[in-house]
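Colleague: One structure, pasted below without further comment.
Read the figures in this text as sums done on the coordinates, not as results from a lab. It should be emphasised that the depicted structure is a prediction, and the values quoted were computed from it without experimental measurement. Because the Cβ atoms are built from the backbone with ideal geometry, glycine has one as well, and the counts that use them run over all protein chains shown.
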Amino acid sequence: MRHMSTANAGLDAYYEAGSPLESTLEGFSHRPEQLDMARRVSDAILTGKHLAIEAGAGTGKTLAYLVPVLLSGRRAIVATATRTLQDQLFHRDLPVLSRAIGRPVRVAQLKGRSNYLCLHRMERLRSFPEGLDRESRRHLGVVQEWSVRTVAGDIAEVAEVAEDAGLWPMVTSTADNCLGSRCPSIEQCHVVAARRRAIECDLVIVNHHLLLADMNLKDDGFGRLLPGAEVAIVDEAHRFPETAQSLFDLTLHAHQVEEVMRDLAEEARVAGVLATPLEAAMRSVSVALAAAMECGVPEGDALPLAATGEAFAACLSSIAEAVDALSTLVAPSGDASPGFARAVERVAETAAVAGRIADWESLSDLAWVQRSRNGFSVHVTPLDSSQQLRALLEAQTCTWIFTSATLAVGEDFSHFSRRLGVRDIETGRIDSPFDYARCARLYLPQGLPPPNSPDYTDRFVAAALPLLRKSRGRAFLLFTSRRALQRAAELLAAGDHGHTLLVQGAAPRSRLIEQFLREDSAVLLGTATFWEGVDIRGSALVVVAIDKLPFASPGDPLMQARLELVRRNGGDGFRDYQLPQAVLALRQGVGRLIRGYGDYGVVMIGDPRLTGRGYGKTFLHSLPPMPVVRSAEDACEFLGVCEAAA
């Protein structure tokens, strides 16, 4: 480990006994791991060397990077993957640190456009409220009344209107439909005001999407954040490469085409443009979209476009032709009003995307389609976007610090650094301070069939039942597919085991977690979205049961294409891509159990490949050092001992 520079010699005092944080931060204690991470972050800031650092649960990584940043006096951006962590940083951690350090810190929390009221779109809707249902009309009245009082314009202030209410997309903007500097309400724009405040601050908190959009931003009148930042910290960084991928996709969503047409129609009505011809041209687009929906592409997993048949390809061509004809029709009237002008531009942009996708056979990237009950999306995806992401990262002048509890496979960061495209980056791992040998057990049940067996889910649920009875619920059952989740829900509901069953999809994620915490004996069943970002501490959660190793679906065309690319480049698709991805995903799922020093419990992993295949050792060596038990009796006995000691 390097010695800390004397330029930041006061750093250690914030993490040791007698720290200024002791009197301001409840539960603060000296953690050698936290100080270790803080020194490494401080070193990166002072030397300007990029850093990827993995810090196990309980390290306290938030304070480990915030204190060095604030002491350095450098202007910084912190990007997180979840709103929960953003709010924690802004409302809890930074005010405490500001008091502890003894000087004010100018901090801004900046959200994406869709989180702020758009005055132009609200006024347009107020003038033409036709088509709104009764609830949306009531919500519009609430929002209008609030709009004259608010300073920030953050829609989270409106508690009377749910965050998923249908009105919000009508009175907020996106990067696509925002009028930018041409907007007649630009001087009062809440997004512009929020960005101006952020640019003047010492530290700005954003999410991954907003940071990446800022990196890729062209001049739109809103101002950029990154040119003035000296340090960019990406927390929850294991999700960053996947989020970046969306920047480089060429995508045509049916619902986005419909949204463009709705906005065009409303702006045309305001401007008094081409009523009858416009309606006919838009009807042609709707007919083409409806034909694509009826084209026989099955719902569910993604399919390569090549596998969808000639009929769907013809539908894509029809959509491209209809949108192009609409664009040609409205182009001459594009100066009728700023709103109509932007809508005309969006139609032209959609026509260009639809045309390129219709000609997908001439593109070298992977083309695929996904059909849902209410629509479809077509994507052209680069198989390897690391070079494009590297170009974006290297175009910035700041020091990059990436951190998460899961970045490495064992001690190896190569999978993460390859996906970033970054060549010159320091790496480091800091183990969790939790005593897993004392507080946790890894239960690997014996006798389960191969995971592709028809009765696998039934057998997995049966193996988990003794733990659920012993724990009186208080369990997460995590699945790698929705089909398995639904089968498990049926089995548990039919058995009448006395637990409150909470099943993903029955309610919003946040509501399910709140109910889990309220109930005395809840069992929550979830898929990918519950494998990470859920922080339940204490005895409310004492069992995490995972059905299978989280390998990506072998039928996923994007995964297949990426594996083939690895092979063409001389690598091994399974070893170099599929296995590391699955290891990191499993570590996230296992990490739901032990979140604090008083936590205890059992992680159950049903998949027999963990002990029956050679690669199982890679998974086991990457997990926290929990003693392994092979019988339900031993797992239940451990829970009983912990319960008695708690």
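Colleague: Which whole-Hz couplings ³J(HN,Hα) result when phi for each residue of the stretch 123-128 is put into the Karplus expression 6.51 cos²θ - 1.76 cosθ + 1.60, θ = phi - 60°, listed in order with x for Gly and Pro?
Modeller: Per residue, the Karplus-derived 3J(HN,Hα) values read 5, 4, 6, 5, 6, 10 Hz.
Colleague: With a Förster radius of 30 Å, plug the Cβ-Cβ distance of V105 and T251 into 1/(1 + (r/R0)^6) and report the FRET value to the nearest 0.05.
Modeller: E(calc), rounded to 0.05, equals 0.15.
Colleague: Take the Cα of S284, step 7 Å along the line toward its Cβ, and report every residue of the stretch 319-338 whose backbone nitrogen sits under 13 Å from that point.
Modeller: 319-331
Colleague: Scan around E426 for amide H atoms under 5 Å from its own, H built in the peptide plane at 1.01 Å from N, and keep only partners 5 or more places away or cross-chain.
Modeller: Amide H neighbours of E426, under 5 Å, 5+ apart: H50, L51, A52.
Colleague: Under the Karplus relation 6.51 cos²θ - 1.76 cosθ + 1.60, θ = phi - 60°, what is the ordered set of whole-Hz ³J(HN,Hα) values for the stretch 500-506, x standing for Gly and Pro?
Modeller: So the Karplus estimates, Gly and Pro as x, are 7, 8, 10, 10, 3, x, 6 Hz.
Colleague: Ok, one more. Can you give me the relative contact order of the chain as a percent, contacts being Cα pairs under 8 Å and 6 or more apart? Show your work: numbers first, answer last.
Modeller: Values: 1022 pairs, mean separation 103.2, N = 646.
Result for the chain is 16 percent.
Colleague: To continue, here is another question. List, in order, the whole-Hz ³J(HN,Hα) value for each residue of the stretch 512-520 obtained from phi through the Karplus relation with A = 6.51, B = -1.76, C = 1.60 and θ = phi - 60°; use x for Gly and Pro.
Modeller: 4, 5, 4, 5, 4, 6, 7, 6, 7
Colleague: Another question, if that's okay. Going through the stretch 5-64, which trypsin sites (Lys or Arg not before Pro) have at most 15 other Cβ atoms within 10 Å and a DSSP loop state?
Modeller: Details: sites: R39, R40, K49, K61; in loops: K49.
Here the sparse-neighbourhood loop sites are K49.
Colleague: List residues of the stretch 481-499, by number, whose backbone nitrogen lies under 18 Å from a label position 7 Å along Cα→C-beta of R518.
Modeller: In the stretch 481-499, the label zone of R518 (backbone N under 18 Å from the point 7 Å along Cα→Cβ) covers 499.
Colleague: Moving to a separate point now. Just to check, using Stokes-Einstein with a Kirkwood Rh over alpha carbon pairs, what's the diffusion coefficient of the stretch 89-140 at 4 °C and 1.567 mPa s in µm²/s? If you can, show how the numbers build up before the last one.
Modeller: Values: Rh = 14.6 Å.
So the translational diffusion coefficient is about 89 µm²/s.
Colleague: Peptides 603-616, 62-75: what's the order by average Cβ count within 10 Å, highest mean first? Don't jump to the answer; show the numbers that get you there.
Modeller: Working: 603-616: 18.4, 62-75: 21.6.
Per-residue Cβ counts within 10 Å, averaged per peptide and sorted highest first, yield 62-75, 603-616.
Colleague: Computed from the coordinates I sent, Cα extents along the principal axes in Å equals one of [x] 76, 62, 55; [y] 76, 75, 46; [z] 74, 66, 45. Tell me the label.
Modeller: Answer by label: [x].
Colleague: Using only Cα positions of the stretch 250-381, each an equal point scatterer, no hydration layer, compute I(q)/I(0) via Debye at q = 0.14, 0.15, 0.19, 0.23 Å⁻¹ and quote the log10 values to two decimals.
Modeller: Normalising to I(0) and taking log10 leaves -0.60, -0.67, -0.99, -1.31.
Colleague: Label 7 Å along Cα→Cβ of A13; the stretch 38-56 residues with amide nitrogen under 17 Å?
Modeller: 39
Colleague: Based on other C-beta atoms within 10 Å, arrange V142, V78, V503 from fewest to most. Spell out each step's value before the answer.
Modeller: Working: V142 15, V78 26, V503 19.
Ordered from fewest to most neighbouring Cβ atoms within 10 Å, V142, V78, V503 come out as V142, V503, V78.
Colleague: Let me ask you something else. Residue separation times 0.36 nm, minus the C-alpha to C-alpha distance between R568 and E26: what's the value? Display every interim value, and only then the final one.
Modeller: Working: separation 542, 0.36 × 542 = 195.12 nm, distance 5.38 nm.
This chain segment gains 189.7 nm when fully extended.
Colleague: Please give the calculated 222 nm ellipticity per residue for the chain, where each DSSP H segment of at least 4 residues contributes -39500 (n - 2.57) and the sum is spread over every residue; nearest 500 deg cm²/dmol?
Modeller: On the way: 25 runs with 284 residues, N = 646.
So the calculated ellipticity at 222 nm is -13500 deg cm²/dmol.
Colleague: Related question: Once you list every other residue whose beta carbon is under 14 Å from the beta carbon of E236, what net charge do they have if Lys and Arg are +1 and Asp and Glu are -1? Write down the numbers at each step before the final one.
Modeller: Details: positive: K61, R83, R239, R587; negative: E54, D87, D235, E242, E532, D535.
Local net charge: -2.
Colleague: How much length, in nm to one decimal, is gained on full extension between R149 and T174, taken as 0.36 nm per residue of separation minus their Cα-Cα distance?
Modeller: Working: separation 25, 0.36 × 25 = 9.00 nm, distance 2.30 nm.
Full extension of this stretch gives 6.7 nm more.
Colleague: Continuing with the same structure: For A79, list long-range residues whose amide hydrogen, built 1.01 Å from N in the peptide plane, is under 5 Å from its own amide hydrogen.
Modeller: Amide H neighbours of A79, under 5 Å, 5+ apart: V206, I233, V234, D235.
Colleague: Can you tell me which lysines have their Cα less than 18 Å from the Cα of K617? Leave out same-chain residues fewer than eight positions away.
Modeller: Result set, ordered by chain and number: K548.
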